[in-house]
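The values are calculated or read from the model by the stated rules, or taken from the named source; none is laboratory data. Being a predicted model, the structure only gives us computed values, none of them experimental. Ideal geometry is used to build each Cβ from the backbone, glycine not excepted, and the neighbour counts take in all protein chains shown. Ligands, DNA and RNA are stripped out before the accessible areas are found, and what is left, the full protein with its side chains, is counted by its heavy atoms. Shrake-Rupley method; radii C 1.70, N 1.55, O 1.52, S 1.80 Å.
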Amino acid sequence: YVDRIEEPQVFYIAHAYGMSLLCGDMHQTDFNEALQKYWLENEERQQREWLQVYPDGWNDHIRALISQAGKGNIQEHTRVNFRFDEARYRELRITEQKPGRVLVPTNKEMFEQAQGAVIPRYFWRNADRFLSEGIGFSLVLDGQVAATAFAAFIIRGRLEIGIETVEAYRGQGLARIVCTALIDYCLAHDLVPVWACRLGNQGSYHLAQQLGFVPTLQLPYYQFRSGQAD
């Protein structure tokens, strides 16, 4: 969405997964009013939305809305960006594989049947596109996919890691195993692995550091509730 078709000055980019980016001129009054109405009065939003902004001045504008509307409508969180340290990764890398755990590339059936909040089909148009342009590794335990690490995107030599562990198998270190396989793939194909997460997601925050990622930057981002009951 833009303020005008010809020579737009402000941009609101929304992804179907629920992520969005606001960037550009902060002083387009009509556009700002439309944004505020969308954020606070949109009863048709089917899912929660997470917004990042650029430049930083947008944060003051949104925080003013929070104070007016109340935190129930807009919540501020902190996003952590990490830098991959290959030497640290190799020092920390695990090699142990317990019997009964089968690590395989994520296939079409796994793509289509995966359940959870962070799964490949939320980031790729379809299984064929994922298999031709992306990559993932899944750990099969007791005949079921227990955890998957996958490329949320691959752009200009960078691969952002998405990770999901089935609830029944959490707390067993399986996420680290599948992420290790994906990072090894990155290193073998001259790709830089990328990791970012919400600061409050302590599981992801600590897992990143076990895999050689170093926290480098903290940025505010915002959650807008859906029009449905969350």
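The set of residues from segment 122-159 being touching a Phe, Trp or Tyr at 6+ places or on another chain (Cβ under 6 Å), over 21 Å from Leu187 (Cα atoms) and at pLDDT 95 or above comprises Trp124, Ala127, Ala146.
Among the residues of segment 130-166, write down those that are in a helix (DSSP H, G or I) and without any contact (Cβ under 8 Å) to a residue 12 or more places away in the chain. Let's see the steps before the verdict.
Taking segment 130-166 first, the residues in a helix (DSSP H, G or I) are 130-133.
Ser132, the sole residue that qualifies.
Restricting attention to segment 54-108, the residues that are over 19 Å from Ala147 (Cβ atoms) and of a type outside the set (Asp, Glu) add up to 31. The residues of segment 166-178 that are surrounded by fewer than 23 Cβ atoms within 10 Å (Cβ to Cβ) and in contact with a helix residue (DSSP H, G or I) (Cβ under 7 Å, 6 or more places away or on another chain) amount to a single one, Arg176.
Selection within segment 202-215: residues that are open to solvent by 80 Å² or more (accessible area, probe 1.4 Å) and either part of a loop (DSSP other than H, G, I, E, B) or at pLDDT 95 or above (or both). The member of this set that is farthest from Glu91 (Cα to Cα) is His206.
Considering each of Pro120, Pro105, Pro99 in turn, give the residue that is without any contact (Cβ under 8 Å) to a residue 12 or more places away in the chain and not charged (D, E, K, R). Spell out how you get there, then give the answer.
Numbers: Pro120 fails: without any contact (Cβ under 8 Å) to a residue 12 or more places away in the chain; Pro105 fails: without any contact (Cβ under 8 Å) to a residue 12 or more places away in the chain.
Answer to the selection: Pro99.
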